[in-house]
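As structure tokens, the structure follows; a few thoughts come after it.
The values are calculated or read from the model by the stated rules, or taken from the named source; none is laboratory data. This structure is a prediction, so every number in the text was calculated from the model and none was measured. Cβ sites come from the backbone with ideal geometry, for glycine too, and all protein chains shown count toward neighbours.
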Amino acid sequence: MTTVYPISSAQPSSSTSKTPTTDQSGNNTLNENTFLTLLVAQLKYQDPMNPADSTQFLTQTAQFTEVETLQKMATQQAAQQAASQLLASSSMLGRPVTYSLTANGGSGTPTPTSVMSVRGSLPSDAAVGTVKTTTADVFTGKGAKIPLELDFTKTDTGWTVQALTNGAKLGQPVAVSFSANGDRAVSDVTIPAAALDGIVGTAGDWPPTGITLGFGSATDPTRLQLASGPATVGVVEQNGNDGQTATGVVTSVHLTADGPKLLIGGQQIPYTSITDVTS
């Protein structure tokens, strides 16, 4: 029997034990090369007086072709799924989404709302008494969802904002001042915890610092401003949740080995955790 040696820079000596080599590719996966190697070996070492049935070889070849085709289909489907998920994730940029907190091992513990992000513009030429209302749901420390309304009202000295729930006012209206060029001139507004405690059944369940209305930094192009045209002010997200699902705006998308992940509120959320997208 002819012995095959591995290729090297030195030739084997006559005293070297001539042991047939095996495939050292470092890959333990069975593939088409493995099948062909076994098939050639079977043909090479078959008993010439009792050769293998040709039908058996045809059957093996057909089985190999079927397996190879299925493997290619699975690879193509995985690539198509990854491309589809990346495309869908990219379409969510800048949009509010709802995502599961428990799908990836979350604790399910509620988080009370402490910040509401308000963006958009208020009309610079609005008549005194003009009101623009925006609403959002906020959460207590026990996970109770409370509807909150923000009424922006034009006064003879500027704009104010009043928080309400189910028509009941929470505290007093607070001035929202703007500079001559239309940018907000004062710090963010806070709804104090004492005012929020006035909501029936929620006393003591709010963050001690209350809820801050974040209007955006000076470098944020979507920050609350005075501008010509109709009012576009609105709540884009809030950081509370009931422990099961949460909402937020997608600010970027990252492609990882585990699939796309969306950056929402400073956290990377798997694409598979998204349950709803707001148009």
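Among the strands (runs of 3 or more DSSP E) lying completely within region 77-152, list those that include at least 2 residues that are surrounded by 13 or more Cβ atoms within 10 Å (Cβ to Cβ) and in contact with a helix residue (DSSP H, G or I) (Cβ under 9 Å, 6 or more places away or on another chain). Outline the logic, then answer.
Working: elements: 96-100, 115-119, 121-123, 131-139.
Of the strands (runs of 3 or more DSSP E) lying wholly inside region 77-152, those with at least 2 residues that are surrounded by 13 or more Cβ atoms within 10 Å (Cβ to Cβ) and in contact with a helix residue (DSSP H, G or I) (Cβ under 9 Å, 6 or more places away or on another chain) span 96-100.
Search region 208-230 for residues being among the aliphatic types (A, V, I, L, M) and crowded, with 20+ Cβ neighbours inside 10 Å, and hand back the single one that is nearest to Gly120 (Cα to Cα).
Filtering first and then ranking leaves Leu224.
Residues are listed down the side, and each one gets a yes or a no for (1) under 12 Å from Thr113 (Cα atoms); (2) among the aliphatic types (A, V, I, L, M); (3) part of a loop (DSSP other than H, G, I, E, B):
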{"residue": "Pro208", "(1), (2), (3)": "yes, no, yes"}
{"residue": "Leu213", "(1), (2), (3)": "yes, yes, no"}
{"residue": "Ser217", "(1), (2), (3)": "no, no, yes"}
{"residue": "Pro221", "(1), (2), (3)": "no, no, yes"}
{"residue": "Pro230", "(1), (2), (3)": "no, no, yes"}
{"residue": "Ala246", "(1), (2), (3)": "yes, yes, no"}
{"residue": "Ser252", "(1), (2), (3)": "no, no, no"}
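Of the residues that sit in region 62-92 and are closer than 26 Å to Ile264 by Cα and at pLDDT 85 or above, which one is nearest to the chain's Cα centre (by Cα)?
The qualifying residue nearest to the chain's Cα centre (by Cα) is Ser89.
So, in region 192-219, how many residues would count as being in contact (Cβ under 8 Å) with a residue 12 or more places away in the chain and of a type in the set (D, E, K, R)?
The qualifying residues number 1.
Given (1) within 28 Å of Asp151 (Cβ to Cβ); (2) surrounded by 14 or more Cβ atoms within 10 Å (Cβ to Cβ), where does Thr278 come up short, assuming only one miss?
Of (1) within 28 Å of Asp151 (Cβ to Cβ); (2) surrounded by 14 or more Cβ atoms within 10 Å (Cβ to Cβ), only one is false for Thr278: (2).
Exactly one condition in (1) modelled with pLDDT of 95 or more; (2) out of contact with any Lys or Arg (no Cβ under 8 Å at 6 or more places or on another chain); (3) of a type outside the set (Val, Ile, Thr) is false for Pro221; which is it?
(1)
Conditions (1) touching a Leu at 6+ places or on another chain (Cβ under 8 Å); (2) on the phi < 0 side of the Ramachandran plot; (3) small (Gly, Ala, Ser), marked per residue:
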site	(1), (2), (3)
Leu164	yes, yes, no
Gly204	no, no, yes
Ala246	yes, yes, yes
Gly259	no, no, yes
Thr272	no, yes, no
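Which residue pairs have Cβ atoms closer than 6 Å, lie 6 or more positions apart in sequence or on different chains, and pair a first residue in region 134-155 that is in contact (Cβ under 8 Å) with a residue 60 or more places away in the chain with a second residue that is crowded, with 20+ Cβ neighbours inside 10 Å and of a type in the set (D, E, K, R)?
The qualifying pairs are Phe152/Lys132.
Enumerate the pairs (first residue in region 87-102 and assigned by TED's automatic domain parsing to the domain that holds Val277; second residue anywhere and assigned to a helix (DSSP H, G or I) and of a type in the set (S, T, N, Q)) with beta-carbon separation below 7 Å, excluding pairs fewer than 6 apart on the same chain, so at least 6 apart or on different chains.
So the pair list comes out as Tyr99/Ser273; Ser100/Ser273.
Counting only residues that are loosely packed, with under 15 Cβ neighbours inside 10 Å, outside any strand (DSSP E or B) and aliphatic (A, V, I, L, M), how many does region 173-204 have?
Within region 173-204, residues that are loosely packed, with under 15 Cβ neighbours inside 10 Å, outside any strand (DSSP E or B) and aliphatic (A, V, I, L, M) number 6.
Using the structure shown, decide if Leu170 is part of a strand (DSSP E or B) and in contact (Cβ under 8 Å) with a residue 60 or more places away in the chain.
no
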